[in-house]
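See structure below.
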Amino acid sequence: MKLGDIKGLGERRIAKLAECGIYDPIDLLMLFPYGYYDRRVDVDWENSIGREVIFKGIPVGRPILKRVRKGLSFVKASFVTGGRTVTCTWFNQDYVFRRILSSDGLLISGKVKTFGKNIEITAPQILSERDVDILPLYKLPKGLTQSVMSDAVRSILARVAVRGYVSEDIAEKYGLMPLSEAFRAVHLPTDMKETAVAGRSIALENLAYTLSVYNIAKGDGTDRRKNDYSADTEKLNEAIDGLPFALTTDQRNAVASILSEMRSPRRMNVLLQGDVGSGKTIVAFLAMYFAVLSGYQCAIMAPTEILAIQHYENAVKFFGAKGMNVSLLIGSLTVGERNVVRRDIANGAADIIVGTHAIIGEDISYKRLGLTVVDEQHRFGVCQRGSLENKADGADNIVMSATPIPRTLALTLYGQLKSIELKSRPGGKNNIMTAIVPERKLADMYKYIRRKAASGENTYIVCPRVDSDDTVSAVGLYNDLASGELSGVGIGLLHGRQKEFEKAAAMRDFADGKTKVLVSTTVIEVGIDVKQATTMVIFGAEYFGLSQLHQLRGRIGRDGRESYCFIVSDEPSERIKYLCETSDGFALAEYDFDARGAGDFLGTRQHGSGSMAGIRIDADAIAVAKAISDDLLSDDSVRAAISAGAENKSEFIRSLSLN
């Protein structure tokens, strides 16, 4: 079954779904509702201050449409619901004015504020309404409606049976609902209690599968060492002494720990966690240098071409000066360039191989690969990381993360790995100040950015969406600023829908100073180092986890200059206030894990939701999922099936069979 087989999904809508990573019916089923509207339950307005609500509102009087200045307008309207009057305000969405005029009632979602006795909602979302008691609500790309999504899911569930790896006995043991029933209850709810049980079943089965794949990919930790790293450490010490900076104590300890692991009787598997700006890369380079001195090739895999190119340029400076050959393998190479690199890797002419997932291609063969390094490991699937490791028999491995992983989660996912932490920053101090900027102060903030641009300093402006009607978007803000507050400054645009050469050009212009301001989505989270970037502005911070926000602000102040990260918010939450007060990424990770669960770290978070299928993945959920995983892997046939399935697609859905 394909998306094209579903009534209502033509080429244009399928392309829209592809923009947010939905390519087949399984992906569509995995786009879970972020909430539900139950028409039978009235909103408790007294206890909803600061919370998201959904209500059916009847327009009162004539709405107001006012254009404040070029690039800024608002629509204000009042609605009656449940005996209360609610005032709503939309910015830069003039079409809402016409929609209110032609409507006798709208389904509205937004966060409740109060001014005196008045209830107000700023930047609400207008939802489509269906003739059901409980309406599932989805975060969708622009151009797709709730009704299209509901119809598509209904069509899939009517035609297929969903099957996982959990047997009836294990499901009964842990109180799990069969997957087919669970997906139907989540997407086509009739009872919220049943939907909660279904969400828990899907979340735990998915997490148990993830833990099982990690377990299989990493083995039981008893692999005997095959590589012999017998080089003289004197040359390594000379390389350290020749660096243009002094290693921190954490970095020196990390290098010593890795060398100890490389000389141990067992194959090395190291998780190198470093706070933003802590210097993980040079630690990895020193380990790779020692491996090349011992006669082996080394490969480092990055999640984006931008980051791969940065690593390549730094590697050429470091290794090239020592007579070692560095090759770059990325998707944008020409066929001829790729063939040259492929030949150098195969015959051993390339000592250091830097690239994206291109370095794990089926046609890539290494002569003597000894050490693999995966940067930003959470950006890769388990199988992608395993594919690199499997390019050589008995390769030693380092996985790096600038998103500190909470201890509970790290012990579960990486129990077989040696964990090394870099907590201190070179220079020993935090040079990035984080402050909250209310919307009324935006004009002053843009004046500050202008002054910084005039003095040769750069600014990132981060938005949660590429293009959106219900929140600040990169495309919309770029257009407004380029013709408004920052006209003439030199503004660039960067987002995930651009082609690779467009992304590379935008980052290159920013790094070279041709543009002074870069409006972007979170693709810069693992972008290149721009030394002159000293300011960052983040809109819609509530859409992101604290660890992600911390990593974003780590893009500025890279050369030690005093830098500022501005969080735009009129009503910052406690977690955002905590971000402003804390510069310790490990502390932020623990706080976020306690507050929001493990979605950010496992990659299960759905469009800013703090859950998987509506269930927060916390320490208790991980413990239950671990027990389920242990039961699954105790059956050799199930273990083999998970292992075989993981080679194709990391999904806990084993099959979709037509009814």
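The values are calculated or read from the model by the stated rules, or taken from the named source; none is laboratory data. None of these values were measured; they are calculated from a predicted model. Note: ideal-geometry Cβ built from the backbone for every residue, glycine included; neighbour counts use all protein chains shown. Surface areas here come from the heavy atoms of the whole protein model, side chains and all, with no ligands, DNA or RNA. Shrake-Rupley method; radii C 1.70, N 1.55, O 1.52, S 1.80 Å.
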Residue that is least open to solvent (accessible area, probe 1.4 Å) [pool: residues in segment 119-151 that are over 23 Å from VAL475 (Cβ atoms) and assigned to a loop (DSSP other than H, G, I, E, B)]:
SER128
Using the structure shown, decide if VAL197 is open to solvent by 10 Å² or more (accessible area, probe 1.4 Å), of a type outside the set (Ser, Thr, Tyr), more than 30 Å from ASP635 (Cβ to Cβ) and part of a helix (DSSP H, G or I).
no
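Name the residue, out of ARG575, ARG553, that is under 22 Å from the mean Cα position of the chain (by Cα), under 21 Å from THR459 (Cβ atoms) and open to solvent by less than 30 Å² (accessible area, probe 1.4 Å).
Exactly one residue qualifies, and that residue is ARG553.
Looking at GLY545, GLY540, can you tell me which residue is within 21 Å of the chain's Cα centre (by Cα), surrounded by fewer than 21 Cβ atoms within 10 Å (Cβ to Cβ) and closer than 30 Å to GLU590 by Cα?
Every option except GLY540 fails the conditions.
Residue by residue, here is whether (1) open to solvent by less than 10 Å² (accessible area, probe 1.4 Å); (2) in contact with a Cys (Cβ under 7 Å, 6 or more places away or on another chain) holds:
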position	(1), (2)
LEU271	yes, no
MET288	yes, yes
TYR296	no, no
MET301	yes, no
Tabulated pairs, segment 144-158, first at pLDDT below 85, second among the basic types (Lys, Arg) and open to solvent by 10 Å² or more (accessible area, probe 1.4 Å), C-beta under 6 angstrom, 6+ apart or interchain:
LEU144/LYS16
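Residue-by-condition table, conditions (1) among the aliphatic types (A, V, I, L, M); (2) modelled with pLDDT of 90 or more; (3) on the phi > 0 side of the Ramachandran plot:
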site	(1), (2), (3)
ALA504	yes, no, no
ASP509	no, yes, no
GLN532	no, yes, no
PHE539	no, yes, no
LEU549	yes, no, no
GLY554	no, no, no
What do you reckon, is ASP480 more than 16 Å from MET536 (Cα to Cα), open to solvent by 50 Å² or more (accessible area, probe 1.4 Å) and either outside any helix (DSSP H, G or I) or without any contact (Cβ under 8 Å) to a residue 24 or more places away in the chain (or both)?
no
Restricting attention to segment 97-118, which residues are surrounded by 15 or more Cβ atoms within 10 Å (Cβ to Cβ) and over 23 Å from LEU137 (Cβ atoms)?
PHE97
Inspect segment 79-87 for any residue being closer than 30 Å to GLY496 by Cβ, assigned to a strand (DSSP E or B) and of a type outside the set (A, V, I, L, M, F, W, C) and give the result as yes or no.
no
Among residues of segment 85-96, those that are open to solvent by 30 Å² or more (accessible area, probe 1.4 Å) and of a type outside the set (S, T, N, Q), counted:
3
So, in segment 488-523, exactly how many residues are assigned to a loop (DSSP other than H, G, I, E, B), open to solvent by 50 Å² or more (accessible area, probe 1.4 Å) and either aromatic (Phe, Trp, Tyr) or over 16 Å from VAL462 (Cα atoms) (or both)?
3
Of the residues that sit in segment 45-78 and are over 24 Å from ASP104 (Cβ atoms) and not in a strand (DSSP E or B), which one is least open to solvent (accessible area, probe 1.4 Å)?
SER48
Is it fair to say VAL166 is outside any helix (DSSP H, G or I) and either modelled with pLDDT under 85 or closer than 27 Å to LEU3 by Cβ (or both)?
yes
